[in-house]
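Values in this text are rule-based calculations from the coordinates and carry no lab data. These numbers come from a predicted model, not from an experiment. Virtual Cβ from ideal backbone geometry, glycine too; neighbours counted across all protein chains shown.
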């Protein structure tokens, strides 16, 4: 495995572990807080031994989860720094004491009136770093167009499933609330906004930032979908007895396909996003999708 592939996988693993540690520790601490508030652990009365065990077990589990996560992230980050230092180490110069066959030959005599030559310092040539593709090869252009088509298919699949979910919420007795068509369209647009921005960015200027987001967005959505889609499919299959819930696997599979196409396009174009760009893109996408449900609930509340 080359340096870019190993560093990219380590970076995505750091992002996934960080999200898992943050969410897991918050859930465990919230469980301990609920047990402390509703279990009467702050009062001097008699406490249930089982509640006390779960309370301290939740706190201990959160501490252990944070410690294991920090150690894992430190180990992965050390591997990234080690490989980066290796790539920046200059090649060893040959020993000046070892004379080559050309240097062992006698120098021709210099005329007496010749001026001694002054060694000119080497002119530094700035290293040009490509941030965007200026001249795409046919294979690179085809890879980017395939990636754009996959993103468009993902957006269309999300919109179709959103409309089907809105129709189900209008006619089903299991739905907790019945949103309007405008709310469903706004929710679908907000959910696909990162992909829409990425699509126009790839069509306009496929640079390092666009490719960093093309790796971060599907990776995080695959991680979120692994838990969210599983819980939704289990609930609908168990209580609603509907096999239509398995349609949620289509966008989840498209996320994986988009990640593969983004990886292929990066290798063909030669524009390799560094780990810092990928981590920044992952942080932005994580906060966006974390705050999105709160914004949608606030929008529905204000409309009432």
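Please find the FRET efficiency linking residue 145 to residue 66, where r is the Cβ-Cβ separation and R0 is fixed at 51 Å, and quote it to the nearest 0.05.
Values: r = 44 Å, r/R0 = 0.86.
Taking R0 as 51 Å, the efficiency between residue 145 and residue 66 is 0.70.
Here the peptides 255-265, 13-23 are ranked by packing, the mean other Cβ count within 10 Å, and the order with the highest first is 255-265, 13-23. Cα centroids of the range 273-297 and the range 187-220: 11 Å apart.
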